[in-house]
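The next block holds one structure in the form of structure tokens; read it before the comments.
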Amino acid sequence: MLYFFVFTNCKQQKLHISKVENTVLKVSDTLSVNAEIEAYIKPFRLHIKKDLDSVLAYTPNTYSKKVDNFNSAIGNFIADAVYSESNPVFKRITGKNIDMVLLNHGGIRAGINKGNISKQTAFELMPFENSVVVVALKGKQINNLIKYLSISKKAHPVSKLQLILDKDFNVSKAAIQGKVIKPNQTYYVATSDYLYNGGDNMTFFKPNAGFNYLNYKIRNVLIDKFNKIDTLKAVIDNRFIQIK
Amino acid sequence: MNRRRFIQKASAGGTLIALGNLGLQSFVSAPTTTKITVLHTNDVHSHIDSWKIAGKNKDIGGVARRANLIESIRKENPNTLLLDAGDIFQGTPYFNYYGGELEFKLMSKLKYDAATLGNHDFDNGIDGLYAQLPHANFDFITANYDFSNTIMNTHTKPYKIFKKSGIKIGVFGLGIELEGLVTRDMFKETKYLDPVEISQDMSRILKVEENCDLVICLSHLGYYYGDNSKKISDLILAKNSKNIDLIIGGHTHTFLPEPTVVKNLDNKNVLVNQVGCFGENLGRIDFHFSNNTAISGNGTSLIV
């Protein structure tokens, strides 16, 4: 009876917020670690570390993100890897070949240190989950891509495209697989889903004449490539340069 | 689930009996205050281990430290809710190797009460998210993603009501538009519904129909996109809302030293909070409830 009475009485008492307090708690290194949680995480951490540390290849040189003219050794290596590893996948799906590759310079997140190359190296180079996409562009649309590269003044990695700019940044030579770009020909351009969706202001991928999502992460491209080579040999060349 | 409900009811009954033992007189005349503590994280992005900020030698964040912090607060105040505003996934190899399994398992161990979904929680596709659900002992709350034509159908709730010492707390969730952030083959047939309209329905249900004492919106819309953007954000939502007391936000990795106070359609205060990212911080907001009308403020008044 009392129980019921108290209950109804409580219901009639309307509650109000009388005070609100705010605190931001820093999760800093002065806090103690919960031993049970730490022990639970440990086997997962060790498994990952072991796998990431396993050696895939070797490099006698240290490669920084250093750019000479408009290309870098790492950028060239990554763009060439996207070409060589993605092309068989694309061909299997469509029966066609990739004509060129375009990535973005900002997408290379680290250098490669002299010594062993591991999966960890691939995670450092490419921490993002971006995947390879292939976009069909007409020669006319490729011109927009080339115009973008000529005014961006960045060493965006390319493969199978040659672009030579004069001292005023005008295009003096542009070729795909060594051939002149024809306005009405369809070219299959491999890039990342991030750039396809307008990342780094690359707005020239849409509209297009076709699109394929390869479900192949760029990081996995690198891991597969590292697995295939013994020693990394990456070089700066004349694929994208300015003649001063 | 039924067992959990039973325990909640049983403990609520216990409180009533205890109050009764104090005597009727004391109950009616003495003003009682109850403190509800809301703890929150957002955009933890798989940061399970502690990490270093570039250029600084300090080691910050980490789930094992957060666990102790939460435990000590729960000891101080059992009327505590622990919420996450989404983007649990993506950012460290833990996600690449285990697909979010460890993130959900640890959040369950930390006894999270609920989380909403962020765009990165779709990074392994809607199937990848669904596959990890068995590892989560907490509810996913989202009101503006219509999952009816997807594998996630019936696995999320638009809102959830928590009862802590007789106080009813309604929590509903809002997600960001996925188009443009996530490729369609990832989110599949997920339909994005207008967050403003949905939150009007939700807050009415929670405040008016369900009589909640506190209404919290768990949002992954983002804090604010600037005066030149019409993109829906927590600040714009707050302005166009009724009956929401607190918006816990995410997505923009915004660190707010204290919640932003926004006037809603009824000219009442709404608190908007967000605590950066990667588990560097744990947000804490304490709501003191009183049955004494003399000291009650006009809606929410923030005393920092």
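A few points about this structure:
- Checking each residue in the range B:166-191 for being open to solvent by less than 70 Å² (accessible area, probe 1.4 Å) and either among the charged types (D, E, K, R) or more than 14 Å from chain A (Cβ to nearest Cβ) (or both) picks out B:K168, B:V171, B:F172, B:G173, B:L174, B:G175, B:I176, B:T190.
- Filter result (within 12 Å of chain A (Cβ to nearest Cβ) and either open to solvent by less than 10 Å² (accessible area, probe 1.4 Å) or hydrophobic (A, V, I, L, M, F, W, C) (or both)) within the range B:249-276: B:F255, B:L256, B:P259, B:V261, B:V270, B:L271, B:V272, B:N273, B:Q274, B:V275, B:G276
- Test: A:I229 is open to solvent by 20 Å² or more (accessible area, probe 1.4 Å), touching a residue at least 60 places away in the same chain (Cβ under 8 Å) and not acidic (D, E): yes
Matching residues to (1) within 14 Å of chain B (Cβ to nearest Cβ); (2) at pLDDT 95 or above:
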site	(1), (2)
A:F123	yes, no
A:M126	yes, no
A:V135	yes, yes
A:I142	no, yes
A:K153	no, no
A:V158	no, yes
A:V189	no, yes
A:Y194	yes, no
A:V221	no, yes
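- Lone unmet requirement of (1) part of a loop (DSSP other than H, G, I, E, B); (2) more than 19 Å from B:L282 (Cα to Cα) for B:H251: (2)
- Exactly one residue among A:I74, A:I37, A:I48 is more than 14 Å from chain B (Cβ to nearest Cβ), open to solvent by less than 40 Å² (accessible area, probe 1.4 Å) and not small (G, A, S), and that residue is A:I74.
- Matching residues, the range B:134-155, being crowded, with 19+ Cβ neighbours inside 10 Å and of a type in the set (S, T, N, Q): B:T142, B:N144
- Identity of the residue in the range A:185-226, in contact with a Leu (Cβ under 6 Å, 6 or more places away or on another chain) and not in a helix (DSSP H, G or I), that ends up surrounded by the fewest Cβ atoms within 10 Å (Cβ to Cβ): A:N208
- Looking across the range A:24-65, the residues that are assigned to a strand (DSSP E or B) and within 25 Å of B:E103 (Cβ to Cβ) come down to A:V24, A:L25, A:K26.
- Meets criteria (under 12 Å from B:G86 (Cβ atoms), surrounded by 17 or more Cβ atoms within 10 Å (Cβ to Cβ) and small (G, A, S)) for B:G118: yes
The values are calculated or read from the model by the stated rules, or taken from the named source; none is laboratory data. Remember, it's a predicted structure, so these values are computed and weren't measured experimentally. Note that each Cβ is placed from the backbone with ideal geometry, even for glycine, and that neighbours are counted across all protein chains shown. These area figures cover heavy atoms from the full protein model, side chains too; ligands, DNA and RNA do not enter into them. Shrake-Rupley method; radii C 1.70, N 1.55, O 1.52, S 1.80 Å.
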